[in-house]
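The values are calculated or read from the model by the stated rules, or taken from the named source; none is laboratory data. Quick caveat: nothing in here was measured; it's all calculated off a predicted structure. For neighbour counting, all protein chains shown are included, and Cβ atoms are generated from backbone atoms with ideal geometry for every residue, glycine included.
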Amino acid sequence: MGIFDFLSGQFIDVIHWTDDTRDTLVWRFEREGHEIKYGAKLTVREGQAAVFVHEGQLADVFTPGLYMLETNNMPVMTTLQHWDHGFRSPFKSDIYFVSTARFTDLKWGTKNPIMLRDPEFGPTRIRAFGTYTIKVTDPALFLREIVGTDGEFTMDEIRFQIRNIIVQEASRVMASSGIPVLDMAANTGDMGRLIAAEVSKVLAEYGLIMPEFYIENISLPPAVEAALDKRTSMGLAGDLGKLTQYSAAEAMTHAAQQPGGGSGMGAGLGMGMGMAMANRLSGQTAGQGPWGASQGGSPAQAAPPPPPPVEHVWHVAENGETDGPFSRADMGRMAKQGRLTRETLVWTPGQDGWLPAEDVRELAQLFTVLPPPPPPPPPGA
């Protein structure tokens with residue numbers, strides 16, 4: 001074996017990467033002296049890309065396939081090395097394998113509550129969390145902007161930066177969406193796509209993309225949730241009178257089950273209070289007085305007076321402009337002065353469009369009320 005054959009056998013001639021960690025984004029192919037044999041085989045599998053860095057400068061990017069590292073398929077490297085067609089010596093370069101597969105089931109969440117103005121609750125704080133997917137779309141840009149010379153770059157090294165971007169954009173989108181908190185659960189799909197689009201704009205500067213983004217939960221502070229649960233319970237209670245009767249019966253049953261509660265003064269007092277409450281409630285439902293008395297006995301509770309009638313106010317349209325509002329008394333004075341005629345267009349809240357005054361029942365009376373005829377003159381006048 002000649003000395004040149006021996007030296008040529010010392011150089012690596014098969015370059016590939018298999019990853020079973022499911023967490024590595026970039027891995028640098030390690031070899032002694034960084035020497036790669038001319039004509040070596042480079043295997044790039046699906047979900048990978050190979051980036052060549054020569055003397056600190058990015059040279060070539062290889063997509064999935066099998067390559068022979070020669071001058072005819074490495075034009076950039078040929079220019080850097082000043083190779084001619086007869087040059088066969090090894091070259092020194094760094095080879096980085098970049099995973100272009102999707103990294104799934106990544107978690108995100110709001111460390112601090114998001115402040116927003118809810119149309120129903122007013123100023124409100126909410127929390128949200130979910131999952132997302134990340135993928136490298138530009139290996140060269142990702143290597144330049146994020147990885148640098150790191151020999152093994154994992155997802156953990158960029159996870160916190162991506163989470164901060166997500167929380168920033170999610171907070172902005174949720175706070176400016178104008179969607180009520182109670183309706184956000186029905187709009188998580190559209191909101192998630194909007195957040196993913198905004199986050200992807202920032203990640204594009206790193207050579208990354210976010211193909212999927214999911215909002216799993218949006219929650220309120222415990223105090224607001226407790227108030228909401230109480231409000232829901234009131235809605236489920238329905239008839240408060242029946243609920244009170246049921247509660248009184250439950251209290252009597254509970255008192256009877258207590259030690260010594262089935263006899264003596266305590267039991268009699270509990271039964272008396274329960275019966276009095278039941279009689280009072282049944283008397284109210286039957287039209288009796290507040291303590292079970294009939295209408296012919298003690299004075300019944302007076303019914304509240306009806307609410308006062310709502311007085312309409314009117315707007316008047318004249319010469320393409322509107323004026324008002326005017327009360328009915330104002331409209332009467334305007335009719336006497338001649339400013340309001342039968343053909344004048346008027347409008348009041350609840351009315352369907354503008355109408356002539358004579359077509360409105362309340363105002364038509366203003367034009368039909370005439371003074372009675374004068375009395376006859378006295379005899380002999």
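Being surrounded by 14 or more Cβ atoms within 10 Å (Cβ to Cβ) and in contact (Cβ under 8 Å) with a residue 12 or more places away in the chain is not true of A185.
Can you pull out every residue in region 141-157 that is crowded, with 18+ Cβ neighbours inside 10 Å and assigned to a helix (DSSP H, G or I)? Before the answer, list the steps.
So in region 141-157, the residues crowded, with 18+ Cβ neighbours inside 10 Å come out as 142-143, 146-147, 153.
Scanning region 141-157 gives F142, L143, I146, V147.
Taking the residues in region 36-55 that are at pLDDT below 75 and surrounded by fewer than 19 Cβ atoms within 10 Å (Cβ to Cβ) as candidates, determine which candidate is farthest from the chain's Cα centre (by Cα). Let's see the steps before the verdict.
Within region 36-55, the first condition is being at pLDDT below 75, and the residues that meet it are 36-39, 55.
Narrowing further to those that are surrounded by fewer than 19 Cβ atoms within 10 Å (Cβ to Cβ): 39, 55.
Values: G39: 56, E55: 49 Å.
So, considering only residues that are at pLDDT below 75 and surrounded by fewer than 19 Cβ atoms within 10 Å (Cβ to Cβ), the one farthest from the chain's Cα centre (by Cα) is G39.
Of all residues in region 74-89, none are at pLDDT 80 or above and of a type in the set (A, V, I, L, M).
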